[in-house]
Amino acid sequence: MAITGLGHTGLWVYDLPRMRDFYTRVMGLPVTDEDAELGIVFLSARPDEEHHEFVLQSGRTSPIGDKQQHQISWRVESLEDLRDFHRRFEEEGVKVQQEVTHGNAFGIYFFDPEGNRNEVYLRIERDVRQPFRKTLDFGRAPEEIHAEAVRLLDDGGAAYRPVQ
């Protein structure tokens, strides 16, 4: 018997309408089901394949800022998708922690309205020992992003410095 993948994850939230708006409007996840009486919303990036990959439910009891989960990571298909999120986060005033290369992925770490850390990332077909995390700017042109990522891989400096 073996696990074949992660089915879904969820968050307890204080303000369900605000969080629903963020994950549908800003992140683009469609709602697949919801129950207002129970205070629960089901979302999926692939509703034809997976009824829900993400759940929001009223009932959070821990203060905003408490560490609950490490992060929620959302895969994208292209560098242009990442650059679109870079622009959308700027427009929406989303708090971005860091834009990075992991050598094997490009990602943007950000916080939802209740302080939960998320990441949108693009998988890169390259085998790089982890952890590896260096800052990139996805506001730059694609060729500049790729060139900087290669330079950072080759520079021989410290591979990982956690961001607080």
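From the square roots a ≥ b ≥ c of the eigenvalues of the alpha-carbon gyration tensor of segment 24-79, which class results: rounded (a/c under 1.5), prolate (a/b over b/c), or oblate? Oblate, since a/c reaches 1.5 and b/c is not below a/b. Enumerate the amide H contacts of D33 below 5 Å, restricted to partners 5 or more residues apart or on another chain; note that Pro and chain-start residues carry no placed amide H. Counting only residues 5 or more places away or on other chains, the set is F42. Which angle between 0 and 90 degrees, to the nearest 10, do you get for helix 142-154 versus the longest principal axis of the chain when only C-alpha atoms count? In the chain, helix 142-154 runs at an angle near 70 degrees to the longest axis. Approximating the spin labels as points 7 Å out from Cα along Cα→Cβ, the A45-to-N104 distance works out to 1.7 nm. Were the residues from F111 through V150 laid out at 0.36 nm apart, the gain over their Cα-Cα distance would be 11.3 nm.
Per residue, the chain exposes 60 Å² of solvent-accessible protein surface, assessed with a 1.4 angstrom probe and all protein chains in place.
Computed packing ranks the peptides 20-32, 134-146 as 20-32, 134-146, most packed first, by mean other Cβ atoms within 10 Å.
Based on C-alpha pairs under 8 angstrom that are at least 6 apart in sequence, segment 1-132 has a relative contact order of 21 percent.
Residue-wise HN-Hα couplings along segment 82-95, as the Karplus relation 6.51 cos²θ - 1.76 cosθ + 1.60 with θ = phi - 60° gives them from phi, are 4, 5, 5, 5, 3, 5, 4, 5, 4, 4, 8, x, 5, 6 Hz; Gly and Pro carry x. The overall shape of segment 68-121, judged from the alpha-carbon gyration tensor, is oblate: a/c is not under 1.5, and a/b is no greater than b/c.
Full extension of the chain between S58 and R126 gives 20.5 nm of extra length, using 0.36 nm per residue less the Cα-Cα distance.
For the pair R87 and T9 in one chain, pulling the backbone fully straight at 0.36 nm per residue adds 25.4 nm over the alpha carbon distance. Taking a ≥ b ≥ c as the square roots of the eigenvalues of the Cα gyration tensor, an a/c ratio of 1.5 or more together with a/b no larger than b/c marks segment 30-117 as oblate. For Q97, the residues whose modelled amide H falls within less than 5 Å of its own, excluding neighbours fewer than 5 places apart on the same chain, are Y109, F110, F111. Which label marks the calculated value of Rg and Dmax of the Cα atoms in Å, given the options (1) 21.8, 74; (2) 17.0, 55; (3) 20.3, 62? Computing Rg and Dmax of the Cα atoms in Å and matching it to (1) 21.8, 74; (2) 17.0, 55; (3) 20.3, 62 gives (2).
The values are calculated or read from the model by the stated rules, or taken from the named source; none is laboratory data. None of these values were measured; they are calculated from a predicted model. Don't worry about glycine lacking a Cβ; one is built from the backbone with ideal geometry, like all the others, and counts go over all protein chains shown. These area figures cover heavy atoms from the full protein model, side chains too; ligands, DNA and RNA do not enter into them. Shrake-Rupley method; radii C 1.70, N 1.55, O 1.52, S 1.80 Å.
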